[in-house]
Amino acid sequence: MHPVITASVPLLEPPGWAIAQRRLFELLDYAWRRFERDFTGPDGRLLYHGRLTSRDGVDDFYEAFFNWPQLYLLGGADDLLAASERHWEGVTRQLTELGMLRDEYERGYDWFHQGESLLLFYFLCMAAPERWTERALRFADLYVDPAHGNYDPEHRVIRRPHNGADPWREGLFDGDAYPWLSEEARMYGFPLEWVLPADAEPEQSDRDPRLGEEMRRRMGTGDTAVNLAASGLVLNALILSGEPRYRDWIAEYVGAWRERAAANDGVLPDSVAPDGTVGGLLEGRWYGGHYGWSWPHGWYSVGHAAIVGALAAAAATGDDSHLDLVRPALDEIIAHGKVMAFTEADSSLGSKWTVQLEDDVHTPTLHVPFRYGDRGWFDYNPMLMAVPTALWHHSASRADRDRIERLRAAAGYDWCTVRAFRSKEEAGHEEPWFVFLAGDDPGYPERILAAAQAQVRHRLARMERYRGMDVPEADIHVWQQSNPVVTEALVQLTWGGPQVVYNGGLQQARVRYYDADARRPGLPLSVAALVSRIDPEATVVDLVNLDPRSTRRVIVQAGAFAEHTIGTVRHTVCDDPSWIGDIYDYGHGRPVVTSEETRVDDSWLLVVLPRSTRIRLTLGLDLRTRPPSYRTPFDAQSSGESS
């Protein structure tokens, strides 16, 4: 039903990246099974016997498995999908018993954390849409349908920073005061710093108005920019159902924030009063909302929510001008950048950067401010590359690529450096990946795969240390800190995409794959893939069948959601068998490789890989020519659709 190309170039010396990639799949298969055995019960729940005493914690349970179905989609074991579904079900029952969920959904919490919780769910929808559609639409309707109390269509606001399935959950905390930790004061300072005079005497936290009634009144109601991440939930429902009401809601809600940003010289504000007034609760300040520019994380939360909203609106409407929700704020913080060593910066994210930079914490490099308050810009950090990379990956525009090139030029450290850290987001290697795609570091694939091996083996050692631990509430991060599944390297190398935006994004990819014989997503056994270029007019993919016995059939899909069209494909060919030599030759000749071009005009291309063969595909892609969809090439075949 789909165009077919058969590989003919012999595989004589398997490339190191291909062998390393398949070995990583093997190690990951062992690792997730070990985690499941040591940290979960028979019904999939985590081994935890305590209570949860605050509104926090739901994300920490789901995050332990967030990338398991993603690994299945990449080509992980057949039974990994069933395991991932079992863990979502088990953890959901567990959290319901702990009083954290209502009808399987978060009762009410901020979208910085809700976005983290939902990544597991989004990947399950992507892997098995037929089983997850009902839930996905029901969850999205909590926001799209005003009857649930979360959305006010008149003022185009989500009514509360803490929102979800419980319309009676108000404010930001239960009790009289925010459950303040001294560590928060050290890292982030106080919210609403301007409420008290500068010379005011400090009070105990349970009597400090900044942490009690003032915080409840000024930060506990109205809309906040981090709620933009809810658009990812609604986009997921749109992709599953195609119902226009989901598209219309995204356009309306994200559009309202675009208007507010435009009125603020392009920079996204972070707080809207219930009546739709920017800064109406903050005496006119465009900053200072919950999880906004001032407290606690600034750009780290605002930027990620904004890119989730912008990409969702662009995907839903086909209008890429929605990306301008993000670009002015991104350019604003870059404009205020300073060159310094990280050890000299006022960063509140020290634990993140000391691991990611290692010795380069002493190297002068560009730092940008993440936060803004009455004193101006502050909290300087190296640029987190997830947002500019996601922008460029979607738009493929010269301007978005040039921005990354300028950041590279301003870096004091070598972007080719690959370190074996695993951040909370299971990301952070965008810089060396970009250098590889630019053609400046052909050794990157083997180095990032080696780093991924190191991450898994480190997590296995951590699992050994903490298995059997009676986990106290204060240490519920132990599961996500021990999760041994790592996918960033595989996403970059095989899909040609960045790791998913962690606070609620949907996956980006230039290509994905299906095993045509097993009729499931992912690379077949023994097949390795490498995307070395993602320019739409020439997206380069190498496929290698390492199996010396069996033919493998791979369906290449254009885009994460079959949203692109493969116009043409130029592919390598070896139709001269003389390289084998004569019966008495001790060696072989060099295969003569030429190329041919084939017209495709489809979202899918079938590639037949006989035993021990390889092929290079140069795809001419037309981006976003089709609505994003969870349908598969097998759905298209069963419905009789022709290419």
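Assigned by TED's automatic domain parsing to the domain that holds Ala427, in contact with a His (Cβ under 6 Å, 6 or more places away or on another chain), part of a helix (DSSP H, G or I) and in contact (Cβ under 8 Å) with a residue 12 or more places away in the chain: does that describe Ala314? Judged against the criteria, Ala314 is a match. Criterion applied to Glu283, Glu259 was being in a loop (DSSP other than H, G, I, E, B) and either surrounded by fewer than 21 Cβ atoms within 10 Å (Cβ to Cβ) or not polar (S, T, N, Q) (or both), and the one residue passing it is Glu283. For the stretch 57-84, enumerate the residues that are assigned to a loop (DSSP other than H, G, I, E, B) and either without any contact (Cβ under 8 Å) to a residue 12 or more places away in the chain or among the hydrophobic types (A, V, I, L, M, F, W, C) (or both). Answer for the stretch 57-84, where residues must be assigned to a loop (DSSP other than H, G, I, E, B) and either without any contact (Cβ under 8 Å) to a residue 12 or more places away in the chain or among the hydrophobic types (A, V, I, L, M, F, W, C) (or both): Phe66, Ala77, Asp79. Can you confirm whether the stretch 501-522 contains a residue that is within 28 Å of Trp299 (Cα to Cα), charged (D, E, K, R) and touching a Ser or Thr at 6+ places or on another chain (Cβ under 7 Å)? Scanning the stretch 501-522 turns up at least one residue that is within 28 Å of Trp299 (Cα to Cα), charged (D, E, K, R) and touching a Ser or Thr at 6+ places or on another chain (Cβ under 7 Å).
For beta carbons closer than 9 Å, sequence separation of 6+ or different chains, a first residue in the stretch 572-599 that is of a type outside the set (D, E, K, R) and a second that is part of a loop (DSSP other than H, G, I, E, B) and surrounded by fewer than 10 Cβ atoms within 10 Å (Cβ to Cβ), the qualifying pairs are Trp579/Arg590; Gly581/Gly587. Going through (1) part of a loop (DSSP other than H, G, I, E, B); (2) within 30 Å of Thr363 (Cβ to Cβ) one by one, Leu330 falls short only on (1).
Give the stretch 186-245 a look and list any residue that's within 17 Å of Glu170 (Cβ to Cβ), out of contact with any helix residue (DSSP H, G or I) (no Cβ under 6 Å at 6 or more places or on another chain) and buried (at least 16 other Cβ atoms within 10 Å of the Cβ), or say none. Listed by number, the residues that qualify are Gly212, Met215, Arg216, Arg218, Met219, Gly220, Thr221, Gly222, Asp223, Thr224.
Checked against (1) within 23 Å of Asp542 (Cα to Cα); (2) surrounded by fewer than 21 Cβ atoms within 10 Å (Cβ to Cβ); (3) under 13 Å from the mean Cα position of the chain (by Cα), Ala450 passes all but condition (3). Figure legend. Inter-residue proximity from the stretch 89-103: first residues of a type in the set (A, V, I, L, M, F, W, C), second residues surrounded by fewer than 15 Cβ atoms within 10 Å (Cβ to Cβ) and at pLDDT 95 or above, beta-carbon distance below 7 Å, spacing 6+ or different chains. Indicated pairs: Leu98/Arg51. State whether the residues of the stretch 412-424 include one that is over 27 Å from Ala313 (Cα atoms), touching a residue at least 24 places away in the same chain (Cβ under 8 Å) and over 24 Å from the mean Cα position of the chain (by Cα). Yes; the residues of the stretch 412-424 include at least one that is over 27 Å from Ala313 (Cα atoms), touching a residue at least 24 places away in the same chain (Cβ under 8 Å) and over 24 Å from the mean Cα position of the chain (by Cα).
For the condition part of a helix (DSSP H, G or I), in contact with a Lys or Arg (Cβ under 8 Å, 6 or more places away or on another chain) and either buried (at least 18 other Cβ atoms within 10 Å of the Cβ) or not polar (S, T, N, Q) (or both), Arg93 qualifies. Restricted to the stretch 341-420, the set of helices (runs of 4 or more DSSP H) holding at least 1 residues that are in contact with a His (Cβ under 9 Å, 6 or more places away or on another chain) and acidic (Asp, Glu) comprises 398-410. Assessment of the stretch 212-224 against the conditions (closer than 24 Å to Glu116 by Cβ, part of a loop (DSSP other than H, G, I, E, B), assigned by TED's automatic domain parsing to the domain that holds Glu134 and without any contact (Cβ under 8 Å) to a residue 24 or more places away in the chain) yields no matching residue. Does Gly581 satisfy the condition of being surrounded by fewer than 17 Cβ atoms within 10 Å (Cβ to Cβ) and either assigned by TED's automatic domain parsing to the domain that holds Trp68 or out of contact with any helix residue (DSSP H, G or I) (no Cβ under 6 Å at 6 or more places or on another chain) (or both)? So Gly581 passes the test.
The values are calculated or read from the model by the stated rules, or taken from the named source; none is laboratory data. Here the structure is a predicted model, which means the values were calculated and not measured. Cβ atoms come from the backbone with ideal geometry, glycine included; neighbour counts cover every protein chain shown.
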